[in-house]
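Let me begin by presenting the structure, written as structure tokens, before commenting on it.
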Amino acid sequence: MKIEMIKQAGGLFTPFNDMEHEKTIRFKTGELYSVEVKHTRNYQFHKMVFSFFNFCFLHWSTDHITSNDIVKQFQIFREHLTVLAGYYEEFYNIKGEIRIEAMSISYGSMEQADFETLYKDLINAAMKHIFKSTDENTYNQLLSYF
């Protein structure tokens, strides 16, 4: 399991956001867990990209969510938006059909410059597929991500 964490004063690591916190609920206090630590790319930019994913998801989910598993729904939404932005790989299943999967946007698999290009492409995909017609308030919020 991968959980995005932030180092706080005193050496404490805390979940990056509420969705990451949800992943830690099943852990028991006082138990020992092995953790692999990797430094992510530009933290502020990374935070802005995921804020954009959240904004898009909240706008989209008001009409589409029927499941109680919001974390899983968000993950799938994020992958689909990444595919719509053009960042995917094609695979063939056993029936010979093409399966499309989002490329990894993890720190180890994408350089910062590529991540910045991805962000621009995500905005274009969101404008085309999620924010086709929107009210002025939502449009103004959307502009804050440019």
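The values are calculated or read from the model by the stated rules, or taken from the named source; none is laboratory data. The model shown is predicted, which means the values in this text are computed figures rather than measured ones. Positions of Cβ are generated from backbone atoms using ideal geometry, with glycine treated the same way; all protein chains shown enter the neighbour counts.
Taking the stretch 1-118 as the region of interest, the helices (runs of 4 or more DSSP H) fully inside it that hold 2 or more residues being assigned by TED's automatic domain parsing to the domain that holds HIS129 and of a type in the set (Lys, Arg) are 70-84.
Mind listing whichever residues of the stretch 130-146 are part of a helix (DSSP H, G or I) and under 17 Å from the mean Cα position of the chain (by Cα)? Break it down stepwise before answering.
Of the stretch 130-146, the ones part of a helix (DSSP H, G or I) are 136-143.
If the condition is that a residue be part of a helix (DSSP H, G or I) and under 17 Å from the mean Cα position of the chain (by Cα), then LEU142 is the only one that fits.
With respect to the conditions (1) more than 15 Å from TYR119 (Cα to Cα); (2) surrounded by 12 or more Cβ atoms within 10 Å (Cβ to Cβ); (3) under 13 Å from the mean Cα position of the chain (by Cα); (4) not hydrophobic (A, V, I, L, M, F, W, C), THR24 lacks only one, and its number is (3). Annotation: of all residues in the stretch 111-129 being of a type outside the set (D, E, K, R) and more than 14 Å from the chain's Cα centre (by Cα), the one that is modelled with the lowest pLDDT is GLN112. Which of the residues belonging to the stretch 110-146 are among the polar types (S, T, N, Q) and exposed (fewer than 10 other Cβ atoms within 10 Å of the Cβ)? Passing the criteria: SER133, ASN137. Among the residues of the stretch 34-48, is any modelled with pLDDT of 95 or more and within 14 Å of the chain's Cα centre (by Cα)? Looking through the stretch 34-48, none of the residues is modelled with pLDDT of 95 or more and within 14 Å of the chain's Cα centre (by Cα).
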